Amino acid sequence: MQTILTNSYKIDFNTKSSKIKKKVNTSKHNIYYVFNYDKNYICFDDNEVRNYRSVIFSYLDRKLLCFSPPKSITESLFFEYNSVLQEDSILVNELIEGIMINLFYDKSIKRWEIATKNSIGCNYWFYGKSNSSNGENKTFYNMFLDALRANEGQELNDLPLLEYFCKSLSYTFILQHPNNKIVLPVDYPTLFLVAVYYIYPDEAVYVSPHNYKNWDFIKDIEGIINHPKQYDIQKYNIDSYKKLKNLFLIEKEMIKGIVVTNTNTGEHTTIKNQEYEYLKLSRTIAPNLQYYYFCLRRIRQTENYLKFYPSMKKIFNNIQNEYLNYVSNVHAAYMLFYVDKKHDIHDKYITHIYKIHQNIYLASLRKSQIDSKQKVTFQTVLEYFDKIEPRELLFIINENRRLYG
């Protein structure tokens, strides 16, 4: 197994930072230290603290056993460090929805262990959230075994496929399971391998996906272990970071977002799909409140209404933001289709951009000279949607809720 060692992370058990929480955690088989940064106090440019997203040490000799991907840096900082979008060093892939599970080997007890961000063993589920039809809630440990196709009663350490895993590495997966639906539907248990690190007593070394994807044992269990969808930036003609968000207009399935990684260093940033975020939020907003907002908007009485009912301001702001985001997406889709001549646009935008082009842009050419033609701006698209009847607008905006709700 040949590997190019790239970026390394020095991990100090004796760190004095008050922003790092340290606790003792016990699995069924051993005792460990778990270090996590306090997300309420971490700064985007704190390069030491952000490495402690989830770090596990042995209890007796305090050696590093497991390391998970550090907190991502901001888009602006990543693009400052990586000013040129080079396909050979920049990897763009799907941000997978699910729960992070780390797999590591404890040599002192000769056993494989798994851990979520805060807990080793994963023998729990999200309390208050029923996850099975028969009333027996599955733990994340059981869900992980389901994804690995374990037989009933089989333990993690007994799985034959783990015999091929290198014990000097820690592996980070994202687990999806029908019993742990977050927003998007999950048909069957699935594991996505998203990060691999060589583990030394006080250091973790990043392994590029370009390397570990080609390891024989990883390729042999493809289908059990999956990889996030990778986007070919040349195919989609993405020659600048600004165009990365166009992937959300092209992708036929709803995705949580994208991860942009420098495969030489492991540095990464995440770009969230706002439609996903609003879909997640919309589950807390009743459709009748959306309809009420669109009715008030149509007669321009939203502000007056909020003077008398200020408690509705947050809900109305969320509905408005979702609406304006959809309008922004339609405008971006229009520019991609008619200006950049990229025709691989999601179907849900096609009808609207066609009507805007025919009834607004081309109509302006027929009525006046070409030099006074109407440009299709965000405001143009907003006015187009504002003229649509509230109940039809509600149907348009809630397409994702109908598909994924």
When E80 is evaluated against the numbered criteria (1) part of a helix (DSSP H, G or I); (2) over 24 Å from the mean Cα position of the chain (by Cα), which criterion, by number, is the only one it fails? (2)
Contact list please: Cβ distance under 9 Å, first residue in the stretch 71-91 and within 17 Å of I238 (Cα to Cα), second residue of a type in the set (K, R), pairs at least six apart or on different chains. L85/K243
If a residue must be in a loop (DSSP other than H, G, I, E, B) and out of contact with any Leu (no Cβ under 9 Å at 6 or more places or on another chain), how many such residues does the stretch 90-110 contain? 3
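Yes/no matrix, rows are residues, columns are (1) more than 26 Å from L148 (Cβ to Cβ); (2) crowded, with 19+ Cβ neighbours inside 10 Å; (3) at pLDDT 90 or above; (4) assigned by TED's automatic domain parsing to the domain that holds E322:
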| residue | (1), (2), (3), (4) |
| --- | --- |
| K219 | no, no, yes, no |
| K229 | no, no, yes, no |
| I238 | yes, yes, no, no |
| L244 | yes, yes, no, no |
| L249 | yes, yes, yes, no |
| K252 | yes, no, no, no |
| I255 | no, yes, yes, no |
| N262 | yes, yes, yes, no |
| G266 | no, yes, yes, no |
Conditions (1) in the same structural domain as Y124 (by TED's automatic domain parsing); (2) at pLDDT 90 or above; (3) outside any strand (DSSP E or B): number failed by H29: (1)
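Yes or no, residue by residue, for (1) surrounded by fewer than 18 Cβ atoms within 10 Å (Cβ to Cβ); (2) touching a Leu at 6+ places or on another chain (Cβ under 7 Å); (3) at pLDDT below 90:
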| site | (1), (2), (3) |
| --- | --- |
| K39 | yes, no, yes |
| I42 | yes, no, yes |
| N51 | no, no, no |
| I56 | no, yes, no |
| L64 | no, no, no |
The stretch 284-315, subset free of Cβ contacts under 8 Å to residues at least 24 places away in the same chain and in contact with a helix residue (DSSP H, G or I) (Cβ under 8 Å, 6 or more places away or on another chain), residue surrounded by the fewest Cβ atoms within 10 Å (Cβ to Cβ): K313
Yes or no: T377 free of Cβ contacts under 8 Å to residues at least 40 places away in the same chain, closer than 29 Å to N273 by Cα and more than 27 Å from the chain's Cα centre (by Cα)? no
Selection count where residues are closer than 17 Å to I255 by Cα, part of a loop (DSSP other than H, G, I, E, B) and among the aliphatic types (A, V, I, L, M), scope the stretch 145-184: 3
Here is a check on your reading of the model: is L281 in contact with an Asp or Glu (Cβ under 9 Å, 6 or more places away or on another chain) and either surrounded by fewer than 19 Cβ atoms within 10 Å (Cβ to Cβ) or more than 30 Å from I315 (Cβ to Cβ) (or both)? yes
Within the stretch 66-92, restricting attention to residues that are among the aliphatic types (A, V, I, L, M) and surrounded by 15 or more Cβ atoms within 10 Å (Cβ to Cβ), which residue is nearest to Y241 (Cα to Cα)? L85
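The values are calculated or read from the model by the stated rules, or taken from the named source; none is laboratory data. Since this is a predicted model, take the numbers as computed values, not measurements. No Cβ is skipped: glycine too gets one built from the backbone with ideal geometry, and neighbour counts run over all protein chains shown.
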